[in-house]
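The values are calculated or read from the model by the stated rules, or taken from the named source; none is laboratory data. No experiment lies behind these values; they were computed from the predicted model shown. All Cβ positions, even for glycine, are placed from backbone atoms using ideal geometry, and neighbour counts span all protein chains on display. Side chains are part of the model used for accessible areas, which takes the heavy atoms of the whole protein and leaves out ligands, DNA and RNA. Shrake-Rupley method; radii C 1.70, N 1.55, O 1.52, S 1.80 Å.
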Amino acid sequence: MRFILYIHLAIIVLPPCFTYGQQTKYTKTPAVGIHLELLSFKKADTSSFLEGTPQLGVGIQYQNNISSHIVFTSALSGAFIEQAQRKDGKKDLFLEANLSLRANCFKQDKIFNPYVLMGAGLSKYKDSYNLSTPAGIGCQINLSANVFLLINSQYRFAFTDRQYNHWVNSIGIAGAINRKKVSKIKQASIPVTTITSPIDSDGDGIIDNEDSCRLVVGVIKYHGCPPPDRDQDGVEDSLDKCPDNAGNARNGGCPEVTAEIKQQINGTATRIFFETGSFKLLQQSHGPLNELAQILKENPQIHLLIEGHTDNAGTPASNQLLSENRARTVFIYLTGVGISNNRLQYRGFGQDRPISDNATVEGRAKNRRVELKVL
């Protein structure tokens, strides 16, 4: 088996982030190193133009990282060797150039960093050019931040018949030159967040920055303010049927209907009259009805049932219809002067509820009546 020994001078650009022992950041900086390389062919053949005694060679290598794990390398090496068939001992220059990609197992800051590589190569001897593919493994050993050792073993697959497959084993040491200033990565300080409890001055469960009435207890519905209550009766306006008249919750915010008011209402009812056998109001009934409307306006809490009654003159059916129409006439009059119809109801009872004897004129007059009942 024949061997050729090379000495390579390599210019190497260190990868950014190449470190030793601490986390620092370096810019790309060239380094120079000396590599001993041993080339051996698988078999001897007298036709091989590379056969001959081992020779000393010189190589230049350039490398640069593409990422934290991938490194691009290029190398040019040469040696003066003699061809096996020649008898005069004359030597000719053998040149070889290679381009490779190196994949590191770890990032560049590890002391021991194994790698694999593969690429393409071109060699020249005299007028002959030959192609090959280098593939191999190696390891970079970081001796310090400035010095590292490279060990690798490559097998080169030949693509032309003038060159054989062969091994190239090398070991070398490299050192950085013209290193730029190392800038240490500053650790970002974590801001301290101070958590303060929200302030609730009035203690109503609504924090001050959301409370429109910070010093008065309120509710969420009104943005921290108390519910509006115009008449100050303790019933909020949205639930108060009489928001401008003080009352109580039992009456929905309206005042109690006093006995005096009920008496006034009953007094107006006794002065409502109709034409005989008709539901047309007599003119003298307008005054009492207007008094009734004023009482209802001053007491919005009052709801009325208007009842119509007759004597027994005529048929029960006609009396029932007449009583209903008379009660309805009173209803229409009151709504016509501004009383809401949802406060009024009307109903006719005909001759079924007499309050006096229908056998006398006076009794029949009392039975023909309108009654007003507070609901």
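So the values come out like this:
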read-out	value
Placed amide H near C254: partners under 5 Å, 5+ positions off or other chain	K241, C242, N248
About the Cα centre, charge dipole magnitude for the stretch 267-375 (Lys/Arg +1, Asp/Glu -1 at Cβ), debye	160
Under Karplus coefficients 6.51, -1.76 and 1.60, residue-wise ³J(HN,Hα) of the stretch 331-342 in Hz, glycine/proline x	4, 5, 5, 5, 5, x, 9, x, 8, 5, 5, 6
Pairwise label distance in nanometres, V337 with D200, each label 7 Å out on the Cα-Cβ vector	5.4
The stretch 240-285 - accessible surface per residue (Å², probe 1.4 Å)	63
Efficiency of FRET between R250 and R328 - r from beta-carbon atoms, R0 51 angstrom, step 0.05	0.95
Sites K124 and A103, calculated FRET efficiency, Cβ-Cβ separation with R0 35 Å, nearest 0.05	0.75
Chain lengthening between L131 and Q284 when straightened (0.36 nm per residue, less Cα-Cα)	41.9 nm
Dipole of the stretch 229-351, positive end: most advanced residue of P300, Y346, F273 [Cβ charges, Cα centre]	F273
Potential lengthening between K373 and L95 on full extension [0.36 nm per residue; Cα-Cα distance subtracted]	87.5 nm
Spin-label pair D208/E298, simplified geometry with 7 Å Cα→Cβ offset, distance in nm	5.0
Where labels lie 7 Å past Cα in the beta-carbon direction, separation of R230 and A259 in nm	3.3
